[in-house]
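Each value in this text was obtained by applying a stated rule to the coordinates, not by laboratory testing. All of these numbers come straight from a predicted model, not from anything done at the bench. When we count neighbours, we look across all protein chains shown, and the Cβ atoms used for this are built from the backbone with ideal geometry, even at glycine.
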Amino acid sequence: MLASLVQRVTSRAVAGLRAPTSFGSSVFGRAAFSTAAADESAKVKPIIQDIAKKEKGWKSRAFKDKSTANYKNLPISPHKLQLICRSVSGLSAREALAQLRLSSAKKSVYVAAAIRTAAHVAKNSFNMEKSRLVVSEAYCTKGTYYKRVEFRARGRANIRHRRHSHLTVVLKEQPYHPHEIRIGRYGRTIEQVRTTAKLREAFTRRRKAEGGSTHRPAQTAESE
């Protein structure tokens with residue numbers, strides 16, 4: 001497809017650059033034709049290169065295939081932390097952070113911090129594309145269990161276990177596909193992300209033009 005496109009563009013450029021009849025076959029006519037053809041070729045070449053780049057697609061320039069972040073002995077039980085990890089596994093890094101920001105779990109900040117750390121390392125140390133990072137793995141294992149005394153009635157005492165967890169988050173770069181719908185296995189599509197970004201940008205411009213704050217006002221019972 002690319003070869004046929006290049007041939008068509010080149011043939012049209014050469015066909016429109018025929019030497020005038022008044023020049024005939026003189027040396028001046030050939031010189032004018034060669035100069036005009038060179039100028040037109042210089043104009044067409046960037047267009048062809050841009051088309052070739054789009055058809056070829058995006059290529060990864062990463063040094064490694066994954067970026068890992070490990071957090072040790074977090075003050076949360078593995079069962080609770082595993083529920084949070086399941087909610088973000090398979091999402092893109094951007095979508096996972098958005099979901100964790102809206103999560104009702106208080107300890108979701110640990111998973112969000114691990115994703116940010118892995119994304120920072122992936123971009124600055126491994127030369128990965130930040131917009132194409134996907135949460136490939138997110139899991140936790142059993143950490144240290146502390147035994148503490150729990151005092152009960154009638155002079156009795158029980159043993160209370162203070163559970164801790166080890167958190168591991170692995171980010172990978174999603175390879176390019178010409179018919180890809182979303183970054184990651186789940187979450188919003190690429191078109192939905194672009195639409196949200198455009199709406200946010202339009203809202204910010206409108207609020208700045210009005211001279212107000214760029215944050216949405218909180219709805220109260222009186223406003224409703």
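Quote to one decimal, in nm, the extra length available between Asn127 and His179 on full extension: 0.36 nm per residue of separation minus the C-alpha distance between them.
Values: separation 52, 0.36 × 52 = 18.72 nm, distance 2.44 nm.
Full extension of this stretch gives 16.3 nm more.
For a quick check of your reading of the filter: which trypsin sites (Lys or Arg not before Pro) in the stretch 125-167 sit in a DSSP loop and have no more than 12 other Cβ atoms within 10 Å?
Numbers: sites: Lys130, Arg132, Lys142, Lys147, Arg148, Arg152, Arg154, Arg156, Arg160, Arg162, Arg163; in loops: Arg152, Arg156.
Of the trypsin sites (Lys or Arg not before Pro), the ones in loops of the stretch 125-167 whose Cβ has at most 12 other Cβ atoms within 10 Å are Arg152, Arg156.
For the stretch 66-173, rounded, prolate or oblate, judged on the Cα gyration tensor with a ≥ b ≥ c (square roots of eigenvalues), a/c < 1.5 rounded, else prolate if a/b > b/c? The shape class here is prolate. Between amide H atoms placed 1.01 Å from N, distances below 5 Å from Gly143 occur with His164, Ser165, His166, all of them 5 or more places distant or on a separate chain.
Relative to the Cα centre, what is the charge dipole magnitude of the stretch 66-173, using +1 at the beta carbon of each Lys and Arg, -1 at the beta carbon of each Asp and Glu, and rounding to the nearest 20 debye?
Numbers: 22 positive and 5 negative charges, 154 e Å.
That gives a dipole near 740 debye.
Of the cross-linked pairs Lys107/Lys198; Lys130/Lys208; Lys64/Lys130; Lys130/Lys198; Lys66/Lys198; Lys72/Lys172, those separated by over 24 Å at the C-alpha level are Lys107/Lys198; Lys130/Lys208; Lys66/Lys198.
Here r is the Cβ-Cβ distance between Arg152 and Asn70 and R0 is 30 Å; the resulting FRET efficiency, rounded to 0.05, is 0.20. Full extension of the chain between Ile159 and Tyr145 yields a length gain of 3.9 nm, computed as 0.36 nm times the residue separation minus the alpha carbon distance.
Determine the gain in length on full extension of the stretch Ala209-Glu191; use 0.36 nm per residue of separation and subtract their C-alpha separation, reporting nm with one decimal. Intermediate values should be presented prior to the final figure.
Values: separation 18, 0.36 × 18 = 6.48 nm, distance 2.70 nm.
Taking 0.36 nm per residue and subtracting the Cα distance, the gain is 3.8 nm.
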